[in-house]
Amino acid sequence: MNLADTIRAIPDYPKPGIVFRDITTLLGNARAFRRTVDELVQPWAGGKIDKVAGIEARGFILGGAVAHQLSSGFVPIRKKGKLPHETVSIAYSLEYGVDEMEVHKDAILPGERVILVDDLIATGGTAVAAATLIRSLGAVVEAACFIVDLPDLGGADKLRALDVPVRTLIEFAGH
Ligand code: AMP
(Lines give C-alpha, C1' and ligand atoms only; values in the text may rest on other atoms or scores of the structure.)
Protein backbone atom coordinates (compact mmCIF):
# COMPACT_ATOMS: atom_id res chain seq x y z
CA MET A 1 0.00 0.00 0.00
CA ASN A 2 1.23 3.47 -0.88
CA LEU A 3 0.14 5.87 1.88
CA ALA A 4 0.08 8.84 -0.48
CA ASP A 5 -2.60 7.09 -2.54
CA THR A 6 -4.92 7.00 0.48
CA ILE A 7 -5.02 10.81 0.69
CA ARG A 8 -7.63 12.50 -1.48
CA ALA A 9 -6.68 15.62 -3.43
CA ILE A 10 -9.42 18.24 -3.84
CA PRO A 11 -8.41 20.84 -6.43
CA ASP A 12 -9.42 24.48 -5.90
CA TYR A 13 -10.55 23.99 -2.29
CA PRO A 14 -11.08 26.10 -0.22
CA LYS A 15 -10.20 28.52 -3.03
CA PRO A 16 -8.85 28.50 -6.59
CA GLY A 17 -5.24 27.35 -6.93
CA ILE A 18 -5.10 25.39 -3.64
CA VAL A 19 -5.03 21.59 -3.73
CA PHE A 20 -6.61 20.49 -0.45
CA ARG A 21 -5.03 17.28 0.89
CA ASP A 22 -7.98 15.50 2.47
CA ILE A 23 -6.70 12.99 5.04
CA THR A 24 -10.19 11.73 6.00
CA THR A 25 -9.73 9.00 3.38
CA LEU A 26 -6.48 7.92 5.06
CA LEU A 27 -8.12 7.96 8.51
CA GLY A 28 -11.00 5.84 7.22
CA ASN A 29 -8.63 3.19 5.89
CA ALA A 30 -7.78 0.94 8.85
CA ARG A 31 -4.42 -0.25 7.51
CA ALA A 32 -3.38 3.21 6.37
CA PHE A 33 -4.30 4.83 9.71
CA ARG A 34 -2.39 2.24 11.74
CA ARG A 35 0.65 2.43 9.48
CA THR A 36 0.66 6.23 9.64
CA VAL A 37 0.67 6.24 13.44
CA ASP A 38 3.28 3.44 13.64
CA GLU A 39 5.61 5.21 11.22
CA LEU A 40 5.19 8.63 12.83
CA VAL A 41 6.13 7.40 16.32
CA GLN A 42 8.86 5.00 15.22
CA PRO A 43 11.85 7.18 16.31
CA TRP A 44 10.43 7.51 19.86
CA ALA A 45 9.09 3.99 20.40
CA GLY A 46 10.29 2.96 23.85
CA GLY A 47 11.59 6.48 24.59
CA LYS A 48 10.19 8.82 27.17
CA ILE A 49 7.83 11.41 25.73
CA ASP A 50 5.75 13.13 28.41
CA LYS A 51 3.12 14.82 26.23
CA VAL A 52 1.84 14.83 22.70
CA ALA A 53 0.39 18.22 21.72
CA GLY A 54 -2.16 18.16 18.89
CA ILE A 55 -3.20 21.20 16.88
CA GLU A 56 -6.96 21.72 16.40
CA ALA A 57 -8.64 19.96 14.73
CA ARG A 58 -7.02 17.22 12.63
CA GLY A 59 -4.03 17.18 14.97
CA PHE A 60 -6.42 15.94 17.69
CA ILE A 61 -7.34 12.78 15.80
CA LEU A 62 -3.78 11.92 14.97
CA GLY A 63 -2.29 13.19 18.23
CA GLY A 64 -4.64 11.07 20.35
CA ALA A 65 -3.55 7.93 18.53
CA VAL A 66 0.13 8.94 18.71
CA ALA A 67 -0.13 9.64 22.46
CA HIS A 68 -1.72 6.26 23.06
CA GLN A 69 1.01 4.53 21.09
CA LEU A 70 3.77 6.32 23.05
CA SER A 71 1.98 5.97 26.41
CA SER A 72 2.11 9.77 26.71
CA GLY A 73 -0.43 12.33 27.82
CA PHE A 74 -2.36 14.30 25.20
CA VAL A 75 -2.64 18.11 25.20
CA PRO A 76 -4.98 20.03 22.88
CA ILE A 77 -3.79 23.28 21.33
CA ARG A 78 -7.01 25.09 20.51
CA LYS A 79 -8.33 28.16 18.79
CA LYS A 80 -8.89 31.12 21.08
CA GLY A 81 -11.78 30.96 23.53
CA LYS A 82 -12.36 27.18 23.56
CA LEU A 83 -10.38 26.09 26.62
CA PRO A 84 -12.17 26.55 29.96
CA HIS A 85 -9.25 26.95 32.40
CA GLU A 86 -6.32 29.41 32.55
CA THR A 87 -4.49 29.58 29.25
CA VAL A 88 -1.41 30.99 27.56
CA SER A 89 -1.96 32.17 24.02
CA ILE A 90 -0.01 33.20 20.95
CA ALA A 91 -1.03 35.19 17.89
CA TYR A 92 0.04 33.95 14.47
CA SER A 93 -0.38 35.09 10.89
CA LEU A 94 -2.69 33.44 8.43
CA GLU A 95 -2.77 34.20 4.75
CA TYR A 96 -5.26 36.96 5.51
CA GLY A 97 -5.02 38.50 8.96
CA VAL A 98 -4.10 36.92 12.28
CA ASP A 99 -5.47 34.26 14.59
CA GLU A 100 -4.72 33.10 18.10
CA MET A 101 -4.16 29.66 19.61
CA GLU A 102 -4.14 28.64 23.26
CA VAL A 103 -3.11 25.88 25.61
CA HIS A 104 -3.95 25.33 29.27
CA LYS A 105 -1.18 26.83 31.41
CA ASP A 106 -0.91 23.71 33.58
CA ALA A 107 -1.17 21.18 30.73
CA ILE A 108 2.59 21.03 30.11
CA LEU A 109 5.21 21.34 32.86
CA PRO A 110 8.66 22.94 32.58
CA GLY A 111 11.21 20.41 31.33
CA GLU A 112 8.65 18.01 29.88
CA ARG A 113 9.45 16.42 26.53
CA VAL A 114 6.72 17.16 24.01
CA ILE A 115 5.97 16.01 20.48
CA LEU A 116 3.85 18.33 18.36
CA VAL A 117 1.40 16.76 15.90
CA ASP A 118 -0.69 18.03 12.99
CA ASP A 119 -1.87 16.50 9.73
CA LEU A 120 0.02 18.77 7.34
CA ILE A 121 2.69 21.48 7.30
CA ALA A 122 2.48 24.14 4.62
CA THR A 123 3.95 27.62 5.35
CA GLY A 124 4.66 26.56 8.93
CA GLY A 125 2.88 29.53 10.53
CA THR A 126 0.62 27.29 12.61
CA ALA A 127 3.33 24.85 13.74
CA VAL A 128 5.92 27.54 14.53
CA ALA A 129 3.35 29.30 16.75
CA ALA A 130 2.47 26.02 18.49
CA ALA A 131 6.14 25.16 19.10
CA THR A 132 6.73 28.66 20.47
CA LEU A 133 3.73 28.29 22.79
CA ILE A 134 5.05 24.96 24.14
CA ARG A 135 8.51 26.43 24.68
CA SER A 136 6.97 29.42 26.50
CA LEU A 137 5.85 26.93 29.18
CA GLY A 138 9.47 25.82 29.63
CA ALA A 139 9.00 22.47 27.89
CA VAL A 140 11.22 20.87 25.26
CA VAL A 141 9.82 20.33 21.76
CA GLU A 142 11.44 16.98 20.93
CA ALA A 143 9.98 16.94 17.42
CA ALA A 144 7.09 17.99 15.22
CA CYS A 145 5.29 15.24 13.25
CA PHE A 146 3.04 15.61 10.23
CA ILE A 147 1.63 13.14 7.74
CA VAL A 148 2.11 15.54 4.83
CA ASP A 149 4.81 18.09 4.02
CA LEU A 150 4.41 20.67 1.26
CA PRO A 151 8.16 21.40 1.03
CA ASP A 152 7.80 24.13 -1.58
CA LEU A 153 6.09 26.28 1.06
CA GLY A 154 9.06 26.06 3.44
CA GLY A 155 7.31 25.35 6.74
CA ALA A 156 9.39 22.32 7.72
CA ASP A 157 12.58 24.31 7.12
CA LYS A 158 11.28 27.09 9.38
CA LEU A 159 10.83 24.59 12.20
CA ARG A 160 14.29 23.11 11.62
CA ALA A 161 15.75 26.63 11.77
CA LEU A 162 14.26 26.83 15.28
CA ASP A 163 16.01 23.55 16.19
CA VAL A 164 12.79 21.55 16.09
CA PRO A 165 13.38 18.15 14.43
CA VAL A 166 10.66 17.48 11.85
CA ARG A 167 9.22 14.10 10.89
CA THR A 168 6.93 13.81 7.86
CA LEU A 169 5.81 10.75 5.89
CA ILE A 170 4.67 12.10 2.52
CA GLU A 171 5.68 15.06 0.37
CA PHE A 172 3.55 16.73 -2.29
CA ALA A 173 5.02 19.30 -4.66
CA GLY A 174 3.32 22.67 -5.01
CA HIS A 175 0.64 23.94 -2.67
P1 AMP B 1 0.49 26.39 7.62
O2 AMP B 1 0.32 27.19 8.89
O3 AMP B 1 0.56 27.23 6.39
O4 AMP B 1 1.67 25.44 7.74
O5 AMP B 1 -0.83 25.53 7.42
C6 AMP B 1 -1.00 24.37 8.13
C7 AMP B 1 -2.43 24.17 8.59
O8 AMP B 1 -3.36 24.45 7.54
C9 AMP B 1 -2.62 22.73 9.00
O10 AMP B 1 -3.43 22.68 10.16
C11 AMP B 1 -3.31 22.10 7.79
O12 AMP B 1 -4.30 21.20 8.21
C13 AMP B 1 -3.92 23.27 7.01
N14 AMP B 1 -3.58 23.24 5.56
C15 AMP B 1 -2.77 24.11 4.91
N16 AMP B 1 -2.66 23.83 3.60
C17 AMP B 1 -3.41 22.72 3.40
C18 AMP B 1 -3.69 21.89 2.23
N19 AMP B 1 -3.19 22.16 1.01
N20 AMP B 1 -4.49 20.81 2.40
C21 AMP B 1 -5.01 20.53 3.63
N22 AMP B 1 -4.79 21.25 4.75
C23 AMP B 1 -3.99 22.35 4.65
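The values are calculated or read from the model by the stated rules, or taken from the named source; none is laboratory data. Since this is a predicted model, take the numbers as computed values, not measurements. Heads up, the Cβs are rebuilt from the backbone with ideal geometry, glycines too, and the neighbour counts pull from every protein chain shown. Note: areas computed on protein heavy atoms with side chains; ligands, DNA, RNA excluded. Shrake-Rupley method; radii C 1.70, N 1.55, O 1.52, S 1.80 Å.
Computed over protein heavy atoms with a 1.4 Å probe, the accessible surface of region 32-116 works out to 53 Å² per residue. Among beta bridges from DSSP that stay inside region 11-131, the antiparallel ones total about 55%. The magnitude of the dipole of region 91-175, with charges of +1 and -1 set on the Cβ of Lys/Arg and Asp/Glu and taken from the Cα centre, is near 280 debye.
In the chain, the portion of solvent-accessible area held by carbon and sulfur atoms comes to 53 percent [1.4 Å probe, whole percent, DNA, RNA and ligands not counted]. Of the residues Thr87, Gln69, Thr25, the one whose Cα sits farthest towards the positive end of the charge dipole of the chain is Gln69 (charges of +1 on Lys and Arg Cβ, -1 on Asp and Glu Cβ, taken about the Cα centre).
Annotation: extensible slack from Glu39 through Glu86 equals 13.5 nm (criterion: 0.36 nm per residue apart, minus Cα-Cα distance). With θ taken as phi - 60° and the Karplus curve 6.51 cos²θ - 1.76 cosθ + 1.60 applied, the whole-hertz 3J(HN,Hα) list for region 142-158 is 5, 5, 10, 10, 9, 5, 10, 10, 9, x, 5, 8, x, x, 4, 5, 4 Hz, x standing for glycine and proline. For the chain, adding -39500 (n - 2.57) for each run of n ≥ 4 DSSP H residues and dividing by the number of residues yields -8000 deg cm²/dmol at 222 nm. A simple charge model with +1 on the Cβ of Lys and Arg, -1 on the Cβ of Asp and Glu and nothing else charged puts the dipole of the chain at about 320 debye relative to its Cα centre.
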